[in-house]
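Just below is one structure, and these are the notes that go with it.
No value in this document is a laboratory result; all are computed from the given coordinates. If you're wondering where the values come from, they're calculated on a predicted model, not measured in any experiment. A quick note on method: Cβ atoms are made from the backbone with ideal geometry, for glycine too, and the neighbour counts reach across all protein chains shown.
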Amino acid sequence: MKVLILGGTGAIGISLKEYLIKAGHEVHITSRSKHVSGDTYFHQGNAHDKSFLSGLLNEGYDVIIDFMSYSTDEFSDRADYVLNSTSQYIFVSSARVYAPSDKIITEDCPRLLDVSEDCNYLQTDEYALAKARQEDVLLSSNKGNYTIVRPSLTYNINRLQYALGEKEEWLFRVLNNEKVVFPKCFENVYTTMSSGNDVARAISLLVGNEKSYGVTLNIAGAEAITWGEVNGIYRKTLQTVAGKELLIEYIDDWEKLAGRLGKYYQIKYARSISRRFDNSRLEKVIGKLEFESTENGISRCLEGFLRGDRSFGHISARTEAYYNRITGDSFIYGGFSTTEKIKYLVGRYTPYFEVSR
């Protein structure tokens, strides 16, 4: 089949293209960055741009796999056009759509959009709400050629997630001998983390699979571990591979910090609540799928990162300042611009920011 992946250069997309190529599909990927096409056809451009998207879809694709993040209005404006342009549209939603639950989460469990009484939250188009609203656009269409998938937290060698954020907010600090900030109450919160490779393999088996048409599917391993256990896995690997200590500054008032970091709702309605998933519906569609154990997976990926070029994305001066104000660390990243250094110094040494330890 001829497959188009929109925004397919992340933790899942990198592995997905390999599975699709091995299966004999012709793979096309959009990216804002320039890539050299080899066994994959790369199309440089912004998939949010309707003219760019229209030009692509005129080429005809059997399957479109969509990893993009949209506002609800933007998605509503393009949904019918995309559905009419392909035989199968695989929409990558998120397990973040689910409301807090003490039960193992099935695809029929309530979503935040449906049951939340947080009026201020519901007035936003925050990621979890936006994904749920976009799911509703597909569900209310007169088309049955969509597949909705809901991955949980995914990781790979370049994406190593933590309780409060990505590796740029914790691993960067460890490697520079700074303490990591961690909410004490998260120690016993369960999280479900799946390797991007496993999630990609599952999605690849949905391509052209008519059993998945018109269906919503969790794509996550059945194993859940606590954030405290995640700390233990990271700590052991860091000591063994890099000779680095995972030093933790525990805090109580995580909500205040989350607000300062600009991700209050993400932490409140996702990272701070226990998540366990049922993937039996997925297995009915694609068969039994073995997920790598969380310990083996994140240890393997962290080791791969540490033995590699240790490349980080953007390091936020403001975030570093906030964390260092809590921990007492004074390291200043040499890669900050003059403007970023000023932001860091203001955030680190003025009374603007305070948080209880």
Of Lys22/Lys167; Lys34/Lys263; Lys167/Lys263; Lys244/Lys341; Lys179/Lys236; Lys143/Lys211, pairs whose Cα-Cα distance is over 19 Å
Lys22/Lys167; Lys34/Lys263; Lys244/Lys341
Note the full-extension length gain between Asn176 and Asn84 as 0.36 nm times their separation in residues minus their Cα-Cα distance, in nm to one decimal.
28.0 nm
When Ser101, Ser330 are arranged by how many other beta-carbons sit within 10 Å of their Cβ, fewest first, they go Ser330, Ser101
Amide H contacts under 5 Å for Ile225, restricted to residues at least 5 apart in sequence or on another chain and with H modeled in the peptide plane, are Thr191, Met193
Tell me, Met68, Met193 in order of fewest to most beta-carbon neighbours within 10 Å?
Met68, Met193
Ranking of Val285, Val92 by count of other Cβ atoms within 10 Å, fewest first
Val285, Val92
Contour excess over end-to-end distance, with Cα ends at Thr339 and Ile248 and 0.36 nm allotted per residue
29.9 nm
Pick from Lys34, Lys167, Lys211 the residue whose mean-square fluctuation is largest in a GNM of the chain, springs joining Cα atoms under 10 Å.
Lys34
Could you work out how far apart the two model spin labels at Ser141 and Glu210 are, taking each label as a point 7 Å from the Cα in the direction of the beta carbon, and quote it in nm?
2.0
Could you compute the FRET efficiency for Ser54 and Gln123, with r as their C-beta to C-beta distance and R0 at 30 Å, rounded to 0.05?
0.40
Computed FRET efficiency, Cβ-Cβ of Ser69 and Gln239, R0 41 Å: what is it to the nearest 0.05?
0.70
Quick calc, Glu229 & Glu290: beta-carbon distance into FRET formula, R0 22 Å, rounding 0.05, result 0.60
Once Ser330 and Ser76 are pulled to full extension, the length gained, defined as 0.36 nm per residue separation minus their Cα-Cα distance, is 86.8 nm
